[in-house]
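The structure under discussion appears below in the form of structure tokens.
The values are calculated or read from the model by the stated rules, or taken from the named source; none is laboratory data. Computed from a predicted structure; not experimentally measured. Using ideal geometry, Cβ is built from the backbone for each residue, glycine included, and neighbour counts are taken over all protein chains shown. Surface areas here come from the heavy atoms of the whole protein model, side chains and all, with no ligands, DNA or RNA. Shrake-Rupley method; radii C 1.70, N 1.55, O 1.52, S 1.80 Å.
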Amino acid sequence: MTIFNVIHLFGGLAMFLYGMNLMSDKLEKLAGGKLEQIFEKLTSNRFKGLLLGILVTAVVQSSSATTVMLVGFVNSGLMRLSQAISIIMGANIGTTVTTWILSLTGLEGDSLFIQFCKPKNFAPLFALVGVVMRMASKDGKKKDIGGILIGFGLLMWGMVTMGESVEPLSESEKFASLMTLFKNPVLGVLVGAVVTAVIQSSAASVGMLQTLSNSGLITFGAALPIILGQNIGTCVTAIISAAGANKSAKRVAAVHLYFNVIGTVLALVGYYTLDSFIHFTFADMEVTSVSVAIVHTVFNIGTTLLLLPFTQVLEKLAYLTIRDEKKEPAENLVLLDDRFLNTPGVAIEQCRNVTNRMASLAKTTISLALDLYKNFDEDKAQMILENEDLIDKYEDITGTYLVKLSGRSLTMDDSRTVSCLLHSIGDFERISDHAVNILDTAREIHTKEVSFSAMAKRELNVMFGAIEEILDITVKAFEAKDIDLAYKVEPLEEVVDYLRTEMKSRHVERLRTKTCTIEQGFIFTDLLTDLERISDHCSNIAVNLIQINDNSFENHRYLNAVKSEDNEKFAELFKEFSYKYPLPKTSEK
């Protein structure tokens, strides 16, 4: 084996690892927030969790990525440890899909179909199609699919390059003697674990073993402990990810480790016990890339079948290993985990969940503030201040996280969603600020014993009803991403604008006739200003939601178009809300 063979080996390894990383990243990106939704829906029992782990890992082509996501979910309080265990088991089975794809390098035959199935023949074609898609298409999803094809092509061509570079090893006596050392199960497990821990991918390390198997010098007896060790080594990624997380998240990494260690011990004890009695003849036979894939699959499926009934035992073992010194306070739960940044679609869904909390809390806070005007209560006043402080924290956390996320590779849809969320959290925060302003006004009215005229009170009740409805529509539209509902916000906002203008005009008239005082006038005007601005922020949120759907952010053009005389839908809704919220006639007492 010459120096050039070594260069080709490491060059092939570089292409292999980069291709796997590129393919995995683009698959995760393409899957987007659907992963998060699937995780939430399919964790009701262990069998669904098992299937979920298989599915997600087969999609993203990385059991490590799946486990890291689980660490993040548990760390954020979105999933319990008991729900994560069966998904971990499924992830170990899902990762075997990659090894079966890589086993195509071992295909033999002269038929056209067999020749086309060999990586050295189809890998360049996949890469070429991928490059054309990325260069010619302007669609983000097509570009990502192109990236997947390029990654797959590089991965398979890296396998081919590595295989060709190690062919001279088949004639090396030194390499043959080295391979016999790995028949020692402890040494084999250790080598498999260390190599996998370094490259942080069991699929990649198994692929390297499949490449070396083409030399014809690796026996089944030497390969078995290495494969088992590779499953232990892949736990390192989750262990690193859990560093700095809460105890529940650390237990996820512990369960992943225990699952593979227990499976390895059982497999080794079972194999060598039977071998001492039966003397397996295949132990000294040469392994192929296909037989490596078979062993890897049988181990993971077998371990899962053995341990699936004992998920509660694994959970208790994790709790015994990582004990609770004291109960962790709820506020220490991580709302947005940085581990999700590597899976932008999931991270965006988490940001949306936090923003939904902000939206609901802002709506509740405004309702409390409006109640204070009618009946001032110090406990409600304190609740408003606490809610506003919490919403401020949500905005800081989410805004910082979204800025980090915007620096990642995002699809066009995800980029628009991030932009919409950044705008929306600011609007929800400002709505809560206006709740505090209304609180201050209500406190002033209560302290100074200010009383508006009967007409002014009736007018305010009409305005309060419109504000509560526009908030209700906005929050529901945002949470459900309901575009039809979002279209109702702007007509109602126009009604609120009209109410404010008319009410100010009427109040000026009451001041002129001395029905109200100057002091009452200042308080009344401040209250109207806060109410009208709440509706403005609702309009901003609804417009951003509509623009996401229309792939545009030209808000002013949209608002001009929607309010035009030709927009019958807007006119109809405006008329409907105007009838619903009429001001009392000035002639009424």
Q: Kindly list, by first and then second residue, each pair from a residue in region 447-463 that is touching a residue at least 40 places away in the same chain (Cβ under 8 Å) and in a helix (DSSP H, G or I) to a residue that is of a type in the set (S, T, N, Q) and surrounded by fewer than 20 Cβ atoms within 10 Å (Cβ to Cβ), limited to pairs with Cβ atoms under 9 Å and residues at least 6 apart or on different chains.
A: Met455/Thr515; Met455/Thr586; Ala456/Thr515
Q) When you scan region 103-117, how many residues do you find that are under 13 Å from Leu155 (Cα atoms) and at pLDDT below 70? A) 2
Q. Where in region 1-82 are the helices (runs of 4 or more DSSP H), entirely inside, with at least 2 residues that are among the hydrophobic types (A, V, I, L, M, F, W, C) and either at pLDDT 70 or above or farther than 26 Å from Val354 by Cβ (or both)?
A. 3-31, 46-60, 63-75
**Q.** Those residues of region 488-505 which are under 17 Å from Phe570 (Cβ atoms) and open to solvent by 60 Å² or more (accessible area, probe 1.4 Å), in sequence order
**A.** Lys488, Tyr498
Q: Provide a single number: the residues in region 381-405 that are among the hydrophobic types (A, V, I, L, M, F, W, C), within 26 Å of the chain's Cα centre (by Cα) and open to solvent by less than 30 Å² (accessible area, probe 1.4 Å).
A: 3
Q: Scan region 136-157 for residues that are open to solvent by 10 Å² or more (accessible area, probe 1.4 Å) and among the aliphatic types (A, V, I, L, M) and jot them down.
A: Ala136, Ile145, Ile148, Leu149, Ile150, Leu154
Q) From the set of residues in region 1-26 that are farther than 17 Å from Leu209 by Cα and of a type in the set (Val, Ile, Thr), which is least open to solvent (accessible area, probe 1.4 Å)? A) Thr2
Q: May I ask you to list the residues in region 295-312 that are hydrophobic (A, V, I, L, M, F, W, C) and within 16 Å of Ala222 (Cβ to Cβ)?
A: Val295, Phe299
Q: Only residues in region 251-271 that are open to solvent by less than 10 Å² (accessible area, probe 1.4 Å) count as the first member; pair them with residues that are of a type in the set (A, V, I, L, M) and not in a helix (DSSP H, G or I), Cβ under 7 angstrom, at least 6 apart or cross-chain, and list the lot.
A: Arg251/Ile322
Q.
Out of everything in region 365-380 that is within 18 Å of Val450 (Cα to Cα) and part of a helix (DSSP H, G or I), what residue ends up being most open to solvent (accessible area, probe 1.4 Å)?
A. Lys374
Q) Looking at Ile239, Ile294, which one is surrounded by fewer than 18 Cβ atoms within 10 Å (Cβ to Cβ), closer than 23 Å to Thr304 by Cα and within 28 Å of the chain's Cα centre (by Cα)? A) Ile239
Q | Selected residue (only one of Gln230, Gln210 is within 24 Å of Phe282 (Cβ to Cβ), at pLDDT below 80 and either β-branched (Val, Ile, Thr) or open to solvent by less than 10 Å² (accessible area, probe 1.4 Å) (or both)) | A | Gln210
Q. Would a scan of region 224-236 turn up a residue that is β-branched (Val, Ile, Thr) and outside any helix (DSSP H, G or I)?
A. yes
Q) Just checking, which of Glu325, Glu349, Glu315 is at pLDDT below 85, touching a helix residue (DSSP H, G or I) at 6+ places or on another chain (Cβ under 9 Å), assigned to a helix (DSSP H, G or I) and among the charged types (D, E, K, R)? A) Glu349
**Q.** Complete set of residues in region 461-487 that are over 32 Å from the mean Cα position of the chain (by Cα) and open to solvent by less than 20 Å² (accessible area, probe 1.4 Å)
**A.** Met463, Phe464, Ala466, Ile467
Q: Could you give me the residue pairs with C-beta distances under 6 Å whose first residue belongs to region 341-352 and is free of Cβ contacts under 8 Å to residues at least 60 places away in the same chain and crowded, with 24+ Cβ neighbours inside 10 Å, whose second residue is among the basic types (Lys, Arg) and not in a loop (DSSP other than H, G, I, E, B) wherever it lies, and which are 6+ apart or on separate chains?
A: none
